[in-house]
1. Please say if region 274-327 is rounded, prolate or oblate, where rounded means a/c under 1.5 for a ≥ b ≥ c the square roots of the C-alpha gyration tensor eigenvalues, and otherwise the choice is prolate for a/b larger than b/c and oblate otherwise?
2. Taking amide hydrogens as modeled 1.01 Å from N in the peptide plane, which residues meet the under 5 Å criterion relative to S192, leaving out close sequence neighbours?
3. Normalising by the residue count of region 24-129, find the relative contact order in percent from Cα pairs under 8 Å and 6+ residues apart.
4. For region 228-235, just list the computed ³J(HN,Hα) in residue order, Karplus coefficients 6.51, -1.76 and 1.60, θ = phi - 60°, integers in Hz, with x standing in for Gly and Pro.
5. Between I365 and residues 5 or more places away or on another chain, which pairs have amide H atoms under 5 Å apart, with H built 1.01 Å from N, and which residues are they?
6. If contacts are Cα pairs under 8 angstrom and at least 6 residues apart, what is the relative contact order of the chain in percent?
7. Rounded to the nearest Å, what's the spacing between the alpha carbon centres of region 299-339 and region 386-424? Just the number, please.
8. Would you tally the net charge around L420, using a Cβ to Cβ cut-off of less than 12 Å, leaving L420 out, and scoring K and R as +1, D and E as -1?
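Taken together, the values in this text are just the output of simple stated rules run on the coordinates, not laboratory data. Please read these numbers as outputs of a predicted model, since none were measured by experiment. Cβ sites come from the backbone with ideal geometry, for glycine too, and all protein chains shown count toward neighbours.
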Amino acid sequence: MIQLRPQVWPIMQAALQAVDPERAVSHYFTQHPDILTPLQQTQGRLFVIGAGKASAPMAKAVQQLLADKISAGIIIVKYGYSQPLPTGSPIKIIEAGHPVPDDAGLQATRELVALLQQTTAADTVLCLISGGGSALLTLPAEGLTLADLQATNQVLLAVGATINQINTIRKHVSAVKGGRLAELAMPASVISLILSDVVGDPLEVIASGPTVADPTTFAEAETIINQFNLAAKLPRAIIQHLQAGSLGQHAETPKPHDPIFQQVTNFIIGSNRVAAQAAMSAAQTAGWQAQLLTTFIEGEAREVGRVMAALAKGLQRGEGNLPLPMCLVLGGETTVTLHEPHGHGGRNQEMALAAAIALEGWPRILIACLGTDGNDGPTDAAGAWADGETVGRARALGLEAVAHLNHHEAYNLFKALDDLIMTGPTHTNVNDLILIFVW
């Protein structure tokens, strides 16, 4: 179905443009002058801070709207995700490691915290948060090291834990997550603009909720470790820290009743749903019937891929009474549980490969699995295409799809077929999109 792809590209581009971070910030302020006007008229200082893959273009929009009011700022982004700001801008953009935090992120976070220590009750902190912020905004809790956080991150990413579970642990081994950044900003007022990359848009989970009250506890973090049998895999210092926290020997993250949150407001300015709705509208404009099914897709990537293939087959056979040609739009975020030995790929590529295996021999079906940030897992691809010919084309090149799926080696198979979706860095991040075309 290679000939159909040029028709699909504009649909994907429409989805990404709808959640462009610079546009999202400008649009939100336009729609909410009650937020922008006080910032423009403030008599105190305005500090701009943030972290995430999309925070640089968010800062660019803020710079354009509030340039003469900004006293200083620090934004932490993934390597390759910075954007130039006007000469003389008081906002400093620093690149750091993602998905595993590194020393650049540690030093940048220390610099950001030092900036917050200058605030007074007359000041306002404008915080720009997007997906990737958990890794980029990194400062170990007392007694822990960067190496402890790096090892913990790598273990959690490999076991198939959900982002909610991962961030519950991250918040309890950090000095800046789980509402602690808001705590550090006291006594200033805090306004956070948030681009959501978490299914359902729970504020306390996005980037580990640095300015949001945290409902989770040390005890819940321990429960997750036991659920995945991680006690022997995580650094001993991490286990001891969480155990001590459960016993009340470390202060809990700030909870909803904490008075600091009377001075904090959090706003979601973009999400997976916005991107999915834009994809649906673009598909309709292109002549497809289109239906947004859900933005709550979760689960093991290969299992979700098989379900996507099943949806497409049923639709083609007339189940569901939906007219053809049809574009089904789904959003969310899957996980991959790695097994050794494992190769190179990401959750969207693994989902696409599982779907391709299930679709072998089925005509007139095309599935696109897309990571909106442009980087699927540790790869330079955003995702991959799958159709009824994928497996046969791979076999003609001596590549067995099932073996590649079992070894988490989807990237090299799709690369050989020229079936990777390559967008480059999109500078946004609102989970994943799945587009199913049936005609």
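1. Here region 274-327 falls in the oblate category.
2. Amide H neighbours of S192: C127, T265, N266, F267.
3. Over region 24-129, the number comes to 32 percent.
4. Couplings: 9, 6, 9, 4, 8, 9, 8, x Hz.
5. Amide H neighbours of I365, under 5 Å, 5+ apart: G388.
6. Reported as a whole number, the value is 15 percent.
7. With region 299-339 and region 386-424 each reduced to a Cα centre, they are spaced 18 Å.
8. -2
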